[in-house]
Amino acid sequence: MIENSYFKGVKDPYYKDSGAQLVVRGSVVVDSTGKQQTGGRGFDPRSFYDYTLDAAKDVPAILKDGAGPQPDIGN
């Protein structure tokens, strides 16, 4: 299961082998080449736990804001 991920400038962002199941939901692929293969039913993670997803389009900004030293972490 790949949910709300952001792939930019990568070769073969996601693919499965013959015995795998892969479901992709809400993800964004930008300037990438190659395989984007899904198949099977996979599973629903919400059957196991609750969680909230950020929008995939927001992932680059979230990473930029959270990258590097943080003054409130590790003090």
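The values are calculated or read from the model by the stated rules, or taken from the named source; none is laboratory data. Remember, predicted model here, so these are calculated numbers, not experimental data. Note that we place each Cβ from the backbone using ideal geometry, even for glycine, and neighbour counts take in every protein chain shown.
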Considering only segment 14-21, I want to know if a residue exists there that is closer than 17 Å to Ala61 by Cα, among the charged types (D, E, K, R) and in contact with a strand residue (DSSP E or B) (Cβ under 8 Å, 6 or more places away or on another chain).
no
For the list (1) loosely packed, with under 12 Cβ neighbours inside 10 Å; (2) touching a strand residue (DSSP E or B) at 6+ places or on another chain (Cβ under 9 Å); (3) polar (S, T, N, Q), I need the number of the one condition that Ser47 fails.
(2)
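Suppose we filter segment 50-64 for residues that are without any contact (Cβ under 8 Å) to a residue 40 or more places away in the chain and under 20 Å from Ser27 (Cβ atoms); how many remain? Step through it out loud before you land on a result.
If we filter segment 50-64 for residues that are without any contact (Cβ under 8 Å) to a residue 40 or more places away in the chain, which is where we start, we get 50-52, 58, 61-64.
Those left that are additionally under 20 Å from Ser27 (Cβ atoms): 51-52, 58, 61-64.
Of the residues in segment 50-64, 7 are without any contact (Cβ under 8 Å) to a residue 40 or more places away in the chain and under 20 Å from Ser27 (Cβ atoms).
Listed here are the residues, each with its yes/no results for (1) modelled with pLDDT under 95; (2) aliphatic (A, V, I, L, M).
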site	(1), (2)
Tyr6	no, no
Asp12	no, no
Leu22	no, yes
Asp31	no, no
Gly40	yes, no
Leu63	yes, yes
Pro71	yes, no
For segment 12-31, enumerate the residues that are in a loop (DSSP other than H, G, I, E, B) and surrounded by 13 or more Cβ atoms within 10 Å (Cβ to Cβ).
Pro13, Tyr15, Lys16, Val23, Gly26, Ser27
What pairs come out if I take residues in segment 29-49 that are of a type in the set (A, V, I, L, M) and pair them with residues that are surrounded by 11 or more Cβ atoms within 10 Å (Cβ to Cβ) whose C-beta lies under 6 Å away, six or more apart or interchain?
Val29/Phe7; Val29/Pro13; Val30/Lys8
Residue list for segment 48-75, filter: more than 17 Å from the chain's Cα centre (by Cα) and in a helix (DSSP H, G or I):
Asp65
Suppose we keep only residues that are more than 14 Å from the chain's Cα centre (by Cα) and not in a helix (DSSP H, G or I) within segment 38-47. Which one would you say is nearest to Phe7 (Cα to Cα)?
Gly39
Sole residue being touching a Leu at 6+ places or on another chain (Cβ under 8 Å) and either at positive phi or surrounded by 11 or more Cβ atoms within 10 Å (Cβ to Cβ) (or both), chosen from Gly40, Gly9, Gly34
Gly40
